[in-house]
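The structure appears below as structure tokens.
The values are calculated or read from the model by the stated rules, or taken from the named source; none is laboratory data. The model shown is predicted, which means the values in this text are computed figures rather than measured ones. Cβ placement follows ideal geometry from the backbone for every residue including glycine, while neighbour counts extend to all protein chains displayed. Areas reflect the complete protein model, heavy atoms only, side chains present, ligands, DNA and RNA absent. Shrake-Rupley method; radii C 1.70, N 1.55, O 1.52, S 1.80 Å.
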Amino acid sequence: AIEPRWKSRVERACQARAQETCEAMKREYETKIQQLNKQLESYRVQMTTIEHQRTEYEENMKKAFMRGVCALNLEAMGMFREPVSGMV
């Protein structure tokens, strides 16, 4: 009669302990998931910022190259208009 009660008591204690362990692990992993989600969102914001900066840099480079091309064209046109000394 003592053995079945003892066995039942031990089973309940083990089950309670296992339940506590599972709950603790669940809370720990939920906290880790929240931290990782925050970190992921931070990285997404950084990526968006970097992509915006890259686009702005590319636009500035394109404008600079176009200014250079225009300056070369104006210089070339100026050379064709001016008579070169000694050739006239």
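Is there a quick way to get the dipole size of the chain? I mean about its Cα centre, with the Cβ of Lys and Arg at +1 and of Asp and Glu at -1; what is the value in debye to the nearest 20?
Details: 15 positive and 13 negative charges, 124 e Å.
About 600 debye.
How many nm separate the modelled label positions at GLU82 and GLU20, each set 7 Å beyond the Cα in the direction of the Cβ?
9.3
Report, to the nearest 10°, how far helix 2-81 tilts away from the longest principal axis of the Cα atoms in the chain, using its own Cα long axis and a range of 0 to 90°.
0
What percentage of the solvent-accessible surface of the chain, computed with a 1.4 Å probe over protein heavy atoms, is contributed by carbon and sulfur atoms? All intermediate terms of the calculation are to be shown ahead of the outcome.
Numbers: 5340 of 8870 Å².
Roughly 60 percent, rounded to a whole number.
Could you provide, to the nearest whole Å², the per residue accessible area of the chain with probe 1.4 Å?
Working: 8870 Å² over 88 residues.
Using a 1.4 Å probe on heavy atoms only, each residue of the chain averages 101 Å².
Per DSSP H run of n ≥ 4, the term is -39500 (n - 2.57); total these for the chain, divide by its residue number, and report the mean residue ellipticity at 222 nm rounded to 500 deg cm²/dmol.
Numbers: 1 runs with 80 residues, N = 88.
The per-residue figure over the chain is -35000 deg cm²/dmol.
Figure the gain on full extension for VAL69 and VAL10 (residue separation times 0.36 nm, minus the Cα-Cα span) and round it to one decimal in nm. Kindly include the intermediate steps, with their values, before the conclusion.
Details: separation 59, 0.36 × 59 = 21.24 nm, distance 8.68 nm.
That pair, VAL69 and VAL10, stretches by 12.6 nm at full extension.
Counting only Cα, what are the radius of gyration and maximum Cα-Cα distance Dmax of the chain, in Å?
So, for the chain, Rg and Dmax equal 37.8, 129 Å respectively.
Going from most exposed to least, what order do LEU40, LEU72 have by accessible area with a 1.4 Å probe? Intermediate values should be presented prior to the final figure.
Numbers: LEU40 75, LEU72 125 Å².
The ranking, largest first, comes out as LEU72, LEU40.
Quote the accessible area belonging to MET66 in square angstrom, nearest 10, computed with a 1.4 Å probe and with ligands, DNA and RNA left uncounted.
Estimated to the nearest 10 Å², MET66 gives 110 Å².
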